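Peer 1: One structure follows; several queries about it will come next.
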Amino acid sequence: MDDEGTGSPIRVLVADDQAAVREPLATVLDLLPDLDVVAVAANGLEVLAVVAAQPVDVVLMDLRMPGMDGTEATRRLSEQYPQIAVVVLTTFADDESILAALGAGARGYLTKNSGRQDIARAVRAAAAGQSVLDQAVQERLLSSLRTSVPKVPGPADLPADLTPREREVFALIGEGLSNRGIAERLFISEATVKTHINNLFAKAGIRDRADAVRRAVSAGLA
């Protein structure tokens, strides 16, 4: 069960220009003991006003909003408030939207088909410094990278101190598998997968999941 309640609640800001989406989502997430929805916003300008006035840990960010869209708001948050994690939650999963949002600094990218537990899991991961991509989004990103990133011979550009298991995990990230998918493939727990990912990210200087996919494809692991 993902409804965890240890430590201080994660302070969440829900940004969406549609009240019919924004308000129910905020209400549902606020019911979880470890999440505290501190505010809602209808556009990027309101997001910036909220974070300037009160502490926020994670912003759930829609992309297409009037006044200032989610991509621009994400870019400004990354520059001005790097301690705040952004998880995109949108109906758009095209290559341009995905790459623009991740390039602006989003730590996660989900579509609005995601369930409450998936969204809550992404918020928790983002607050912990991890990246979560919707499976469909990761597959699109991987497909885009496979056609645009040149492969180099062998994993020569990877750190020499990666363990065999870390290389396996790295390759599976490059194939587009989620943490759960990697755990099932390797017959290990998700917690162990997270440990391997944290270690290989630190060793390889990888910023986030998107960067990991990019590096895996470039190194010829995927």
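The values are calculated or read from the model by the stated rules, or taken from the named source; none is laboratory data. Since we're looking at a predicted model, the values are computed, not measured. Here Cβ is always computed from backbone atoms with ideal geometry, including for glycine, and neighbour counts include all displayed protein chains.
Peer 1: Can you tell me which residue among ASP211, ASP161 is under 21 Å from VAL137 (Cα atoms) and not assigned by TED's automatic domain parsing to the domain that holds ALA125?
Peer 2: When all the criteria are applied, what remains is ASP211.
Peer 1: Which one is nearest to LEU99 (Cα to Cα) among residues in region 163-222 that are at pLDDT 80 or above and outside any helix (DSSP H, G or I)?
Peer 2: Filtering first and then ranking leaves ILE206.
Peer 1: Against the definition (over 19 Å from ALA41 (Cα atoms) and either in the same structural domain as ARG209 (by TED's automatic domain parsing) or surrounded by fewer than 24 Cβ atoms within 10 Å (Cβ to Cβ) (or both)), how does ASP94 come out, yes or no?
Peer 2: yes
Peer 1: Could you pull out the residue among VAL169, VAL217 that is crowded, with 20+ Cβ neighbours inside 10 Å and in contact with a His (Cβ under 6 Å, 6 or more places away or on another chain)? Before the answer, list the steps.
Peer 2: Values: VAL217 fails: in contact with a His (Cβ under 6 Å, 6 or more places away or on another chain).
Only one candidate passes the filter, namely VAL169.
Peer 1: Hand me the list of helices (runs of 4 or more DSSP H) wholly inside region 1-120 holding 1 or more residues that are farther than 23 Å from LEU141 by Cα.
Peer 2: 19-30, 44-53, 70-80
Peer 1: Can you pull out every residue in region 58-91 that is under 22 Å from ALA19 (Cα atoms), touching a residue at least 40 places away in the same chain (Cβ under 8 Å) and either surrounded by fewer than 17 Cβ atoms within 10 Å (Cβ to Cβ) or within 14 Å of the chain's Cα centre (by Cα) (or both)?
Peer 2: Scanning region 58-91 gives VAL58, VAL59, LEU60, MET61, ASP62, ARG64, PRO66, VAL86, VAL87, LEU89.
Peer 1: Now for a different question. Name the residues in region 30-49 that are more than 17 Å from ARG64 (Cβ to Cβ) and surrounded by fewer than 17 Cβ atoms within 10 Å (Cβ to Cβ), would you?
Peer 2: Within region 30-49, ASP30, LEU31, PRO33, ASP36, ALA49 meet the criteria.
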